[in-house]
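Right, one structure below, let's go through it.
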Amino acid sequence: MYSASDLKKGLKIEIDGDPCMITNFEFSKPGKGQSLYRCKIKNLVTGNTFDKTYRSADKVNRCALISRDYTFSYIDGNDYVFSDNETFEEAHLNEELLGNLKNFIVDDMQVEILFHNDRPLDITLPNFVEMTIAETEPGARGDTATNVMKPAKLVNGYEINVPIFINEGDVIRIDTRDGSYSDRVSKG
């Protein structure tokens, strides 16, 4: 257990059996009485945020989070199935949990999955992934204005804005953290 004085921003704690993270932290010492620790807390399961105040004598439960390495295996309906790199047990993550990250998952991709009581909470993909452009308009010759972008569709159907010199069939590197174009992979 943590004491209230151990609380800080980014600390993961357990409240009513759910894993939570402190997103904002404020300490105050009134003229009389105990110190107060005001926290803004985000529930990692539901995504809800709430405020909670602790006194200096309060105790807070630690959160038992486990992170393990997995490899993407296949898609089963709305579930993405990952295989544990050591035990080969399967973990099923639904599209809702993956959110926009599902657009950047490729075969045999190595990922890190965060668990709480054997329930998957979050997934971390590699920072960059390489994908092929399926369709885009050809760039106009001589159009050399800087930062001119055009829409392009990847082989999985995801749409992304790319520079005007990118053509169909080109392999590009995408930043999975924000879903943006990073650079073109050389054809060597």
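The values are calculated or read from the model by the stated rules, or taken from the named source; none is laboratory data. Here the structure is a predicted model, which means the values were calculated and not measured. Cβ atoms come from the backbone with ideal geometry, glycine included; neighbour counts cover every protein chain shown. Surface accessibility is based on the protein's heavy atoms, side chains included, excluding ligands, DNA and RNA. Shrake-Rupley method; radii C 1.70, N 1.55, O 1.52, S 1.80 Å.
(1) of a type outside the set (A, V, I, L, M); (2) modelled with pLDDT of 90 or more; (3) in a loop (DSSP other than H, G, I, E, B): which one isn't true of Y74, the others all being true?
Failed condition: (3).
Inside segment 59-87, can you point out the residues that are on the phi > 0 side of the Ramachandran plot and surrounded by 12 or more Cβ atoms within 10 Å (Cβ to Cβ)?
Result: no residue meets the conditions.
Filter segment 83-141 down to the residues that are in a strand (DSSP E or B), closer than 30 Å to K153 by Cα and aromatic (F, W, Y) and list them by number.
F128, the sole residue that qualifies.
Only one of T124, T87, T46 is in contact with a strand residue (DSSP E or B) (Cβ under 7 Å, 6 or more places away or on another chain) and polar (S, T, N, Q); which?
T124
Pull up segment 42-97, narrow it to residues that are touching a helix residue (DSSP H, G or I) at 6+ places or on another chain (Cβ under 7 Å) and of a type in the set (S, T, Y), then point me to the one that is nearest to N24 (Cα to Cα).
Ranking the candidates gives Y54 first.
Does segment 88-119 hold any residues that are open to solvent by 60 Å² or more (accessible area, probe 1.4 Å) and either on the phi > 0 side of the Ramachandran plot or hydroxyl-bearing (S, T, Y) (or both), and which are they?
Matches in segment 88-119: F88, D108, N117, D118.
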